[in-house]
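Below: the structure, in structure tokens.
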Amino acid sequence: MSSVTLRGIDSKLYRMFKALATLKGLTIQEALEEAMRTWIRLNSHILSEENVDVVIGYLRENPAEPFVYTPEGRPVKRWEPWARKKIGMTQ
């Protein structure tokens, strides 16, 4: 199991998440894992489990490069405004 730090989380969102987790008798870790499983299940049509290693490998080789992953297994670069700003290409 790895240790993860989350930064930049909206404080109101976190407070609501924490309150709901507490009401359900869950720790933040348990609630977050449940939320991640649900999110993965809802989005599993985008990425099959056998392609996860391909995406992770690409991210390790190109950490600052924004992309859109296609089901065919090829990352497709999309230089949208948010991506340009994120890597310092524009203001």
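So here's what we get for this one:
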item: Protection proxy ranking of 28-39, 7-18 - average other beta-carbon atoms within 10 Å, highest first; result: 28-39, 7-18
item: Extension gain from SER48 to SER2, taking 0.36 nm per residue of separation minus the Cα-Cα distance; result: 14.3 nm
item: Vicinal HN-Hα couplings computed from phi for segment 28-42 (Karplus, 6.51 cos²θ - 1.76 cosθ + 1.60; Hz; Gly/Pro x); result: 4, 4, 4, 5, 5, 4, 5, 5, 5, 4, 5, 4, 5, 4, 5
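Readers should treat all values here as calculations from the given coordinates under stated rules, not as data from a laboratory. Only a predicted model underlies this, so the values are computations on that prediction, with no experimental measurement involved. Here the Cβ is made from the backbone with ideal geometry for all residues, glycine too, and neighbour counts use every protein chain on show.
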